[in-house]
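All of the numbers you see were taken from the coordinates with simple rules; none came from a lab. Only a predicted model underlies this, so the values are computations on that prediction, with no experimental measurement involved. Cβ coordinates were reconstructed from backbone atoms using ideal geometry, including for glycine residues, and neighbour counts include every protein chain displayed.
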Amino acid sequence: QLVNATVSLLDPKGDPKKSDAMDAVEVQQKFGVPPNLIVDLLALQGDKVDNIPGIPGVGPKTALALLQNIGGLEAIYGDLEAIANIKGLRGAKTLGAKLAEQEDVARLSHKLATIRCDVDL
């Protein structure tokens, strides 16, 4: 979420002997979404390591399909009916209702995944 034209990401899982800095294009290639949607990805699928609950039953494939076809969390919750029309998405017909039921969890997960940049130093 911090990667942009002037900020790169060092991949901690990469080879420590070489620079594995990722720019925005490489972040999108690795995660399937641009850096500005990483928080939304985590809000949907969750992250056990960081105790981000995510939506029960929504894994990486479903989260990516939603983000790639509809957009970020606000766009998804602004048009839950569009989910039923995503081709190849397992459970698409009922997923909108599931997301509606779990909106509080999605919003909490989004808040937990967001890096705050507006704190006093």
- Message: Can you tell me the mean projection area, over all orientations, of the convex hull of the chain's alpha carbons? Units nm², please.
- Response: 8.9
- Of VAL105, VAL49, VAL58, the most mobile residue in a GNM of the chain (C-alpha springs, cutoff 10 Å) is VAL49
- Please list the non-local residues whose amide H lies under 5 Å from the amide H of ASP47, H modeled 1.01 Å from N, same-chain partners needing a gap of 5 or more. ILE52, GLY54
- Query: So what is the relative contact order for the chain, in percent, with contacts set as C-alpha pairs under 8 Å and at least six apart?
  - Reply: 22
- Message: Treating only the Cβ of Lys, Arg, Asp and Glu as charged (+1, +1, -1, -1), what charge dipole size does the chain show about its Cα centre? Round to the nearest 20 debye.
- Response: 500
- Using R₀ = 35 Å, calculate the FRET efficiency as 1/(1 + (r/R₀)^6) where r is the Cβ-Cβ separation of VAL119 and LYS61; round to 0.05. 0.50
- Take the chain, connect every pair of alpha-carbon atoms lying under 10 Å apart with a spring to form a Gaussian network, then pick out the residue of ASP50, ASP23, ASP40 with the largest mean-square fluctuation. ASP50
- Using a 10 Å Cβ count of at most 15 others and DSSP loop calls, identify the longest part of the chain lacking such trypsin sites (Lys or Arg not before Pro). 49-86
